[in-house]
Every structure is written in C-alpha cells, then in structure tokens.
1. Rank Leu52, Ala76, Ser102 by how far each Cα sits towards the positive end of the charge dipole of region 50-112 (+1 on Lys, Arg Cβ; -1 on Asp, Glu Cβ) and give me just the farthest.
2. In debye, nearest 20: dipole of the chain around its Cα centre with unit charges on the Cβ of K, R (+) and D, E (-)?
3. Write down the percent of antiparallel bridges among all DSSP beta bridges whose residues are both part of the chain, to the nearest 5.
4. For region 17-156, what proportion of DSSP beta bridges, expressed in % and rounded to the nearest 5, is antiparallel?
5. Taking a spot 7 Å from the Cα of Met289 along the direction of its beta carbon, which residues of region 111-151 have an amide N less than 14 Å from it?
6. Between the helical axis of 34-48 and the dominant principal axis of the chain, each derived from Cα atoms, what acute angle in degrees is found, rounded to the nearest 10?
7. Mind putting a number on the dipole of region 24-106 about its Cα centre? Charges go on the C-beta only, +1 for Lys and Arg and -1 for Asp and Glu, and I need it in Debye to the nearest 20.
8. Using DSSP, restrict attention to beta bridges with both residues in region 158-279 and report what percent are antiparallel, rounded to the nearest 5.
Amino acid sequence: MNRRLPPLHLLRVFDAAGRHQSFKHAAGELHITPSAVSHQVKALERELGFALFLRANRRLELTDAGRAYLAVVEKAFARLRDGTERVLRDYASASLRINLMSALGRHVVIPRLDSFQERVPGVRLHIETSEQLVDFRASDVDVAVRYGLGDWPGLTSEKLLDLEAAPVCSPAFARGLDAGAREALLGQRLIHMAFFPHGWSLWARAAGYGEATGDKALWFDTYDACIQAAEQGLGLALALLPLEQALLDSGRLVAPVAPRVALPQKVFLVCREQDRERREIRAFRDWLMEQFDSPNSARRR
C-alpha cells in the first residue's frame with residue numbers, strides 16, 4: 001500500500017533540526033521560532049507514527065529511526081537541489097557573464113558576437129573587459145578568458161591560444177629606427193605595461209639583446225593603452241601575437257625586429273569546476289575555439 005508523503009515543509013524543518021541537533025539553531029536557519037520548529041517536528045512524528053527525537057534534560061538527540069529517516073531526507077533534498085540546478089541550466093532563461101582580456105574582446109569576440117547570439121538565442125550576455133584577474137569568489141562572473149599559466153586554484157582552465165611577444169611601433173616611428181643596433185633599439189622610448197613590469201627585460205634576454213635598460217619610458221595601466229600609444233608613434237610596445245596580427249596586416253603597426261619570443265603564459269578559458277558543463281559555457285567555449293581556428297583569425301597551436 002502506498003502511503004502519502006509527509007508535507008514538504010515538515011520534512012524541511014526536520015532536515016534542519018536533525019542536522020543541527022537543536023531546535024534553536026534550526027529556527028535560526030529557517031527564520032522561524034524554536035516553538036514553531038518543535039510543533040512541526042511533532043506534527044511530522046504524528047504523520048509517521050514514530051518518534052524522531054529523544055527530548056531529555058534539555059538535550060535533543062535523534063532516535064535510531066530519526067537517524068535513519070534523516071539520511072533518507074538529506075539524500076532526497078540533495079537530489080532535488082541537483083535536479084533543479086540541471087533543469088534550470090538547460091531550460092531556464094539563461095544569462096552569461098563573461099570577463100575578457102581587452103585585446104581578445106576588441107579583435108575576436110565583440111566583432112563576431114552576433115554569430116554567437118544566433119547560435120545560442122535567448123542567452124543574456126554581460127561582457128566586461130579587464131587586464132586584471134577577476135576573483136570568482138567575490139564576483140558573479142561565469143566564465144573568463146585569462147592570460148597566465150593556467151594554474152588557478154579552485155578553477156578549471158582550458159588552453160585556447162599560445163602567445164608570442166614582439167616589439168611593434170607605427171610605420172613613421174620605424175623609419176627613424178636603426179633596428180640592427182641593439183643599443184639603438186633598446187635606447188628608444190619603450191612603452192611598458194604596469195601589470196607586466198618586467199616584460200621588456202624578459203623579451204630582451206630571450207631575444208639575445210641583453211637587458212632593456214633604456215631611460216626613456218612610458219608607462220600605462222592597460223595593454224590597450226600601450227598598443228594605442230604605439231599606433232600614435234610614441235614608442236615601441238610589446239604586442240601579444242597573434243592577437244594583434246590584424247593591426248600588423250593592416251599596416252597600422254609594424255614589427256621592426258625579427259625575434260618573436262614565445263611566452264610561457266597562454267590564453268585560457270576559465271570557470272568554476274561545477275560550471276564547466278553548463279550549456280551556455282560549453283557553447284561559448286566551442287564558439288570561441290572556432291573563431292581561433294577560422295581563416296584570418298588568431299590561431300591556436
């Protein structure tokens with residue numbers, strides 16, 4: 001014979017009281033009074049026909065039956081929560097908050113965003129660009145595209161792109177540059193990124209140019225500002241390739257020095273471990289990889 005299930009609100013109260021072994025603490029969690037918790041537990045005991053708690057000497061203790069039933073209730077609530085999250089991910093009106101490197105947003109994502117929206121209609125997109133690493137613990141960002149080594153604790157990452165660094169400048173600036181002389185090159189005005197302060201020194205050593213010790217320097221807080229300054233003829237900037245390949249192809253920037261130095265840092269897609277299979281995150285990952293693999297785009301290796 002099938003017995004009807006006890007009311008859900010009584011099971012919810014029992015779940016809290018059983019976990020805390022306290023009517024007072026359960027009341028705090030549920031925002032009701034301890035008296036209300038006690039009355040609802042008694043109502044559940046009447047429904048079931050057996051005692052759930054031993055109440056003696058101001059102590060509350062689960063009976064053997066109560067302990068067994070609590071395990072059933074906890075498992076049922078866990079399955080209900082997981083199932084609700086899965087259905088919401090698949091069928092609810094979804095939103096996706098994306099944090100991007102500014103260069104990637106400028107060259108790859110924003111110009112082609114309409115094709116992603118066509119593929120995943122109904123997803124509300126929130127896009128922010130930043131050179132700083134977003135803190136997933138303190139942010140509602142769902143997915144980020146980061147520059148780094150891929151070792152962010154508590155997050156899952158997938159490599160999208162290898163990077164090289166190369167000095168770039170405007171064509172006019174290059175005409176006055178003796179690129180064959182190391183001293184002349186590194187004595188030029190070098191444009192530095194505040195978040196990557198040793199970039200020029202790392203490039204110079206890897207390219208066999210010794211140390212970049214020029215006194216002439218411009219400092220900017222964002223990568224975009226460095227590239228813009230180079231376009232305006234203000235000096236030499238380190239460009240991340242292939243992200244800036246379109247500017248080189250158009251002639252707005254030139255690379256006057258041959259060495260392109262492979263960087264240990266790569267471009268990664270990053271999200272919380274529990275979100276990696278979300279429908280809209282999977283769709284964004286797949287779409288972004290297609291953009292890197294398409295003709296005339298930044299290429300993955």
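Taken together, the values in this text are just the output of simple stated rules run on the coordinates, not laboratory data. Fair warning: this is a prediction, and the values are worked out from it, not measured in the lab. As a convention, Cβ positions derive from the backbone with ideal geometry for all residues, glycine included, and neighbour counts pool all protein chains shown.
1. The Cα lying farthest towards the positive end belongs to Ser102.
2. Taking the Cα centre of the chain as origin, the dipole is about 1300 debye.
3. 65 percent
4. Of all bridge pairs located within region 17-156, approximately 35 percent are antiparallel.
5. None, by backbone N distance to the label point.
6. It is inclined by approximately 70 degrees.
7. For this selection, approximately 240 debye.
8. So the antiparallel bridges in region 158-279 amount to around 70 percent.
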